[in-house]
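S.K.: Below is a structure I'd like to ask you about.
Just so it is clear, none of the values below were taken in a lab; they were calculated from the coordinates. These figures come from a predicted structure and were not determined experimentally. Note that each Cβ is placed from the backbone with ideal geometry, even for glycine, and that neighbours are counted across all protein chains shown.
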Amino acid sequence: MGECGEDARHTRTLMLLGGSRHQLCAIEAAKRVGYRTVLCDYLSDNPGRHMADVFYLESTTDRQRMLQIARHERIGGIISFGSDAANPSAAYVAERLGLPTNPLAAVEILSDKGLMRPYLKTHGFFCPRSASFPADLPGTSLLDICEGMAFPVVVKPTDSSGSKGVSVVVAPDVGDLDDALASARRFSRNGVLCVEELIRYGYPRLIGGDIFVQGGEVCFWGLMDCLRDDRLGGLVPVGKAYPTALDQGQMGVVRSELRRLVSSLGLRFGEMNVEVILAPGDVPYILELGARAGGNMIPVQLEDISGIDLAEASVRAAMGDKPTDVSFDGNDECVATSVLHACRSGSFMGVECEPELRGHIYREMIYVRRGDRVERLENGSQAIGVIFLRFDTPGQMRELMSCVGDLVKVIVA
């Protein structure tokens, strides 16, 4: 037990790092369970501050400041729900105070692509050829680093999420590499970027969603097909569809690889966001295993599918309380989300939906008001809202969601 551990465990205060709209469900769950909530966020206009019992306007990546606040508030648990950037801070504070946490070393690996890719390679996981390098490197030097790699390659920050700063470079052109470097630098906090070979798809969609770990074992399987908008380059997630179209063998391959990584890292508990590509021959490449819940309302979608409140399970686990039963191995529900987004920048004027899709919508979340400025979608932070849809069969869902960009239009003036 670390500093203040025994005393802290007897308090009912949960510290939450981040109060954005997709993190509200964790604050709501904590208050519903009866915890006192202490929220930290570096943005003054975050919606969570109006819901939490105590709010600190502080950077959640400042570990020492988070530790000071945690001691002052005598917390009994800490969570970074849905935030990669603050995850290492939460694990650091929890380890220092002897509170429930996944190992800090594992969380740091999962929060930094420059650490995760070498870890995967060293421990026998499939991994594209990749390299990390300082953000101030010029395109000519990056071209040298790419020698031996097969183009296209992907250039990205090592510490960003939501597809921020990610570019695909199709050929070894210095000008294109310079453009990709400039984009990645904008979203790099640690000053380190990475380049890796683009993985070819065998199974046609990225496999995403969330899993939940209890006692070191995956007990909740919320794997879904990821939707992309090819008109915008196909890099930014614009929805999820459940169930996947994976056959039994493919599903077994994906699950086995995720179980193996969870075990290898010594992960103990919590909701975790995943991204996996099945390459030709059903070779599994784990792109992401984030030690936090997914964005774009994935926990809400999975609760609609399974009936299990993953946000409540997450906050209970962070407090070390008796967990709720989160066992889920799939069912016959057909539920999808579509992230509303603009294909060009301008003033938001509304959303139009064709009749054949309208009847399937059971929930809408719109983040902006008529007349608000919206930007062309380049990363996950520019989402305008999310619609939730329910279908009768997987075939019906896949047919309609394959053309959802034509059936739902964000009107921009």
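S.K.: What residue among 70, 110, 293 has its Cα farthest toward the positive end of the dipole of the chain, where the charges are +1 on Lys, Arg and -1 on Asp, Glu, each on the Cβ?
M.R.: Farthest along the dipole direction, towards plus: 70.
S.K.: As an exercise, take the mean of 1/r over every pair of distinct alpha carbons in region 129-197, invert it, and state the Kirkwood radius in angstroms.
M.R.: Computed over Cα pairs of region 129-197, the Kirkwood hydrodynamic radius comes out at 11.4 Å.
S.K.: Could I ask something else about it? Go through 136-149, 371-384 and give me the packing order, highest mean Cβ count within 10 Å leading.
M.R.: Peptide ranking by packing, descending: 371-384, 136-149.
S.K.: Distance in nm between label sites at residue 178 and residue 327, each 7 Å beyond Cα in the beta-carbon direction?
M.R.: Going from the residue 178 label point to the residue 327 one covers 6.0 nm.
S.K.: Once you place label points 7 Å from the Cα toward the Cβ at residue 351 and residue 376, how far apart are they in nm?
M.R.: According to this spin-label approximation, the distance is 2.2 nm.
S.K.: Calculate the spin-label point distance for residue 53 paired with residue 368, positioning each point 7 Å from the Cα along the beta-carbon direction, and give it in nanometres.
M.R.: 3.7 nm
S.K.: Give the share of C-alpha pairs in each 5 angstrom bin for region 261-359, from 0 to the last occupied bin, in whole percents, shortest bins first.
M.R.: Answer for region 261-359: a P(r) of 2, 9, 14, 16, 18, 14, 12, 8, 5, 2 percent.
S.K.: Could you please state, rounded to a whole Å, how far the C-alpha centre of region 313-375 is from the C-alpha centre of region 276-304?
M.R.: Between the Cα centre of region 313-375 and that of region 276-304, the gap is 16 Å.
S.K.: Another question, if that's okay. Out of 336, 283, 307, whose Cα points farthest toward the positive end of the dipole of the chain (charges: +1 Lys, Arg; -1 Asp, Glu; placed on Cβ)?
M.R.: 307
S.K.: Give me the dipole magnitude in Debye, nearest 20, for the chain about the Cα centre, with unit charges on the beta carbon: positive for Lys and Arg, negative for Asp and Glu.
M.R.: My answer is approximately 780 debye.
S.K.: So, one more: Using per-residue counts of other Cβ atoms within 10 Å, averaged over each peptide, order 91-103, 261-273 from highest down.
M.R.: Highest mean packing first, the order is 91-103, 261-273.
S.K.: Mind checking Rg over Rh on the chain, alpha carbons, Kirkwood formula for Rh?
M.R.: My calculation of the ratio gives 0.95.
S.K.: Determine, for the chain, the count of lysine pairs separated by eight or more sequence positions (or lying on different chains) whose alpha-carbon distance falls under 28 Å.
M.R.: 12
S.K.: Within region 377-392, what residues put their amide N at less than 16 Å from the label point 7 Å along the Cα-to-Cβ vector of residue 361?
M.R.: 384-391
S.K.: Next up: Taking H placed 1.01 Å from N in the peptide plane, check which residues at least 5 places from residue 199 or on another chain put their amide H under 5 Å from its amide H.
M.R.: Here nothing satisfies the definition.
S.K.: With a sphere of radius 11 Å drawn around the Cβ of residue 292, what net charge do the other residues whose Cβ falls strictly inside it have (Lys, Arg +1; Asp, Glu -1)?
M.R.: Summing Lys/Arg as +1 and Asp/Glu as -1 gives -4.
S.K.: Let me ask another. Taking H as built 1.01 Å from N, whose amide H comes closer than 5 Å to the amide H of residue 288, not counting residues under 5 places away?
M.R.: Residues meeting the criterion, in which the H sits 1.01 Å from N, are 275.
S.K.: Using the beta-carbon distance between residue 143 and residue 68 and R0 = 56 Å, what value does 1/(1 + (r/R0)^6) give for FRET efficiency, to the nearest 0.05?
M.R.: Efficiency for this residue pair is about 0.80.
S.K.: Give the residues of region 332-372 whose amide nitrogen is closer than 11 Å to a point set 7 Å from the Cα of residue 232 in the direction of its Cβ.
M.R.: Within reach of a label on residue 232: 339-345.
S.K.: Here's something else I'd like to know. What dipole magnitude, in Debye to the nearest 20, does region 200-331 give about its Cα centre under +1 on Lys/Arg Cβ and -1 on Asp/Glu Cβ?
M.R.: Using only the charged Cβ atoms, the result is roughly 360 debye.
S.K.: How big is D for region 321-390, in µm² s⁻¹ as a whole number, if Stokes-Einstein is applied with the Kirkwood radius of its Cα pairs at 25 °C and 0.890 mPa s?
M.R.: 170 µm²/s
S.K.: Express in nm, to one decimal, how much length is gained between residue 398 and residue 343 on full extension, taking 0.36 nm for each residue of separation and deducting their alpha carbon distance.
M.R.: Gain on stretching residue 398 to residue 343: 17.6 nm.
S.K.: Okay, next question. Which of 92, 126, 157 sits closest to the plus end of the dipole of region 63-167, meaning its Cα is farthest towards the positive end, when Lys and Arg get +1 and Asp and Glu get -1 on the C-beta?
M.R.: Result: 92, furthest along the dipole toward the positive end.
S.K.: Any idea what the dipole of region 274-413 comes to, in debye rounded to 20, about its Cα centre with Lys/Arg Cβ at +1 and Asp/Glu Cβ at -1?
M.R.: 680 debye
S.K.: Ok, one more. As a test of the formula, what do you get for the chain when each DSSP H run with n ≥ 4 contributes -39,500 (n - 2.57) and the sum is divided by the residue count, at 222 nm and rounded to the nearest 500 deg cm²/dmol?
M.R.: -8500 deg cm²/dmol
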